[in-house]
1. Only one of these is within 30 Å of LEU44 (Cα to Cα), at pLDDT 90 or above and not basic (Lys, Arg): GLY83, GLY129, GLY140, GLY135. Name it.
2. Name every residue in segment 33-52 that is surrounded by fewer than 16 Cβ atoms within 10 Å (Cβ to Cβ) and closer than 25 Å to ILE87 by Cα, in order of residue number.
3. Being in contact (Cβ under 8 Å) with a residue 24 or more places away in the chain, over 30 Å from ARG167 (Cα atoms) and not polar (S, T, N, Q), is that true of even one residue in segment 46-61?
4. Keeping to segment 125-142, report how many residues are surrounded by fewer than 17 Cβ atoms within 10 Å (Cβ to Cβ) and of a type in the set (Gly, Ala, Ser).
5. Among the listed residues LEU104, LEU99, LEU110, identify the single one that is under 18 Å from VAL41 (Cβ atoms), surrounded by fewer than 19 Cβ atoms within 10 Å (Cβ to Cβ) and out of contact with any strand residue (DSSP E or B) (no Cβ under 6 Å at 6 or more places or on another chain).
6. Give the residue, chosen from GLY122, GLY118, that is at pLDDT 95 or above, within 20 Å of ILE155 (Cβ to Cβ), under 13 Å from the mean Cα position of the chain (by Cα) and buried (at least 24 other Cβ atoms within 10 Å of the Cβ).
7. Could you give me the residue pairs with C-beta distances under 6 Å whose first residue belongs to segment 71-97 and is over 18 Å from GLY146 (Cβ atoms), whose second residue is assigned to a helix (DSSP H, G or I) wherever it lies, and which are 6+ apart or on separate chains?
8. May I ask you to list the residues in segment 143-154 that are small (Gly, Ala, Ser), crowded, with 23+ Cβ neighbours inside 10 Å and either touching an Asp or Glu at 6+ places or on another chain (Cβ under 6 Å) or at pLDDT below 95 (or both)?
Amino acid sequence: MAFGLFSQVGQPFGTLNDLFLLVMTLAIAPVMLGSYELGGVTPLWPARLSLAAGIGAVLVWSVVQTLMVVGVVTFNYDTPANGAFAIEAIAVMVIGAWLTGAPLLAGPWLSRPLRWLGAVSGLGFVVFGLGLLHGGVNDGFAYIGGIGYEVLFPIWAFLFGRLLGRRNGGT
């Protein structure tokens with residue numbers, strides 16, 4: 001919503017959108033850890049490697065995003081991602097790779113629809129990152145991937161959070 005307002009009204013909605021994406025992305029790390037702790041069919045070392053890569057990508061993306069928000073780095077969204085923007089695009093792809101695989105390999109505690117919604121939204125992250133590297137935010141892949149990244153993922157995360165809350169005795 002903030003991005004839509006930014007495209008119609010301008011600032012401060014662009015900065016708000018960037019901050020909302022930062023919060024959303026930082027919130028993925030505890031989800032990754034929770035999925036790892038609950039386990040699944042993945043052998044221990046590949047699961048640890050996936051967890052480390054995913055959390056590392058969240059941290060890298062968050063640092064670059066913070067540097068962009070405070071004006072240390074700038075992005076040209078209309079051209080293929082390079083420099084800090086390319087680093088952020090690659091980090092999104094690594095996060096997406098984790099999100100594609102982890103729900104599919106989760107233990108019996110995760111429902112089939114939630115598994116597939118997570119996997120599809122993860123593919124959206126990967127395709128979004130590819131679009132940024134290929135042609136910037138106006139690339140067709142970025143549009144298609146953006147559906148998984150900015151629409152399906154928040155839905156999955158909300159449902160996943162509710163599931164974890166119920167598992168821990170919450171309401």
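1. Numbers: GLY83 fails: within 30 Å of LEU44 (Cα to Cα); GLY140 fails: within 30 Å of LEU44 (Cα to Cα); GLY135 fails: within 30 Å of LEU44 (Cα to Cα).
Matching residue, one of GLY83, GLY129, GLY140, GLY135: GLY129.
2. Of the residues in segment 33-52, the ones surrounded by fewer than 16 Cβ atoms within 10 Å (Cβ to Cβ) are 33-34, 37-39, 41, 43-46, 48-49, 52.
Hits for segment 33-52 are LEU33, PRO46, ARG48, LEU49, ALA52.
3. Yes, that holds for at least one residue.
4. The initial filter retains those residues of segment 125-142 that are surrounded by fewer than 17 Cβ atoms within 10 Å (Cβ to Cβ), namely 134-135, 138, 140.
Among the residues that remain, those that are also of a type in the set (Gly, Ala, Ser) are: 135, 140.
Within segment 125-142, residues that are surrounded by fewer than 17 Cβ atoms within 10 Å (Cβ to Cβ) and of a type in the set (Gly, Ala, Ser) number 2.
5. On the way: LEU99 fails: surrounded by fewer than 19 Cβ atoms within 10 Å (Cβ to Cβ); LEU110 fails: surrounded by fewer than 19 Cβ atoms within 10 Å (Cβ to Cβ).
Going through LEU104, LEU99, LEU110 in turn, the sole match is LEU104.
6. Values: GLY118 fails: at pLDDT 95 or above.
One residue alone meets the criteria, GLY122.
7. Cβ pairs passing all conditions: VAL73/LEU67; VAL73/ALA84; ALA84/VAL64; ILE87/VAL64.
8. Keep residues of segment 143-154 that are small (Gly, Ala, Ser), which gives 145-146, 148.
Filter again for crowded, with 23+ Cβ neighbours inside 10 Å, leaving 145, 148.
Within segment 143-154, GLY148 is the sole residue that qualifies.
The values are calculated or read from the model by the stated rules, or taken from the named source; none is laboratory data. For clarity, every value in this text was computed on a predicted model and none was experimentally measured. Heads up, the Cβs are rebuilt from the backbone with ideal geometry, glycines too, and the neighbour counts pull from every protein chain shown.
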